[in-house]
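The numbers here are math on the coordinates, done by the rules we state, and not lab data. Note that the coordinates shown come from a computational prediction; the quantities given were computed from them, not determined experimentally. Cβ placement follows ideal geometry from the backbone for every residue including glycine, while neighbour counts extend to all protein chains displayed.
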Amino acid sequence: TAEAARETKAFIKKAGGDATWDRLAEYLAHEESGREVFVINRSFAAPIQRLYEYWTDPRKLVAWAPPTGFNMEYLSANISPGGESTYRMQGPHLVMHGRANYRELSPPHRLVYTQQFTDEKGQISRHPLAPVWPETMLTVAEFTAEGPEQTRVTLTWEPTGAVKPDELEAFARARAGMTAGWTGSFDKLEAELLR
C-alpha cells in the first residue's frame with residue numbers, strides 16, 4: 001500500500017538508506033588509490049537543475065546546509081570557478097566560521113569545492129570540537145537525473161592537502177557522525193524542495 005511504502009522509505013532512511021552502497025564506494029576508492037573517502041547518496045524528488053541550484057545559490061544553501069540546530073549566513077559569496085565564499089554558522093552554544101573555494105562548477109552535473117574552518121578574521125583554524133580534524137576537506141557533489149522529477153546526489157568528502165596521520169585517523173573514525181550530519185542536512189534539503 002502507499003502507507004506501507006512510506007513507512008518502508010522512512011525505515012530505510014533512518015537505517016542509513018543507501019549506506020551499503022556508500023560503504024562499497026568508500027572501499028573501492030581505498031582499494032584503487034589508498035584514499036580515505038566518505039560517500040553518501042540520496043535521491044530527491046526534484047529535477048536536476050533545481051537540485052543543482054540548491055547547492056549553488058547562497059540564499060537556498062543557508063536553508064539546508066548547516067548542521068541541524070544551526071543557522072548559517074554568508075559573509076561573502078562567490079560560487080563560481082575560482083571563487084570563494086565565507087560564512088558563519090551559529091548554534092545554541094557554538095559559533096563556527098568557514099570558507100569554501102570552488103574548483104569546478106559543471107551545471108547541472110558536478111560541483112567541486114574545498115572547505116576550511118576559519119576564525120572570525122578569516123584565518124585558517126580547526127573545528128572547535130575536533131582539534132585534529134583535517135584542515136582542508138574536498139567535496140565533490142555529483143548530480144544524476146533518475147527521471148524528469150528525480151535526481152540522485154552522490155557526495156564524496158575527503159581530506160586534501162598536507163594531511164597528518166592523526167587527522168586521517170580522526171576522519172576515518174568519524175563516518176557515523178558524518179553520516180548523521182549529512183543525513184540531517186539532506187532531510188532539510190528534502191523539506192525545502194517540497195515547498
Of the listed values [x] 20.8; [y] 16.8; [z] 17.6, identify the label whose number matches Kirkwood radius over Cα pairs in Å calculated from this model. [z]
Proximal aspartates and glutamates to Lys60, defined as alpha-carbon separation beneath 13 angstrom and excluding residues fewer than eight positions away on the same chain: Glu73, Glu190, Glu192
Simple Cβ-charge dipole of the chain, Lys/Arg +1 and Asp/Glu -1, about Cα centre, in debye nearest 20: 380 debye
Note the per residue figure in Å³ for the convex hull of the C-alpha positions in segment 27-137. 136 Å³
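Where Rh is the Kirkwood radius over the Cα pairs of segment 115-195, the temperature 25 °C and the viscosity 0.890 mPa s, what D in µm²/s does Stokes-Einstein return?
Answer, rounded: 167 µm²/s.
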Set Lys and Arg Cβ to +1 and Asp and Glu Cβ to -1, take the dipole of segment 47-195 about its Cα centre, and tell me which of Ser80, Leu61, Gly91 lies farthest positive. Gly91
Set of aspartates and glutamates with alpha-carbon distance to Lys164 below 19 Å, sequence-local pairs under 8 removed: Glu36, Glu135
Taking the chain and counting helices only, DSSP H stretches of n ≥ 4 at -39,500 (n - 2.57) each over all residues, the nearest-500 ellipticity at 222 nm comes to -11500 deg cm²/dmol
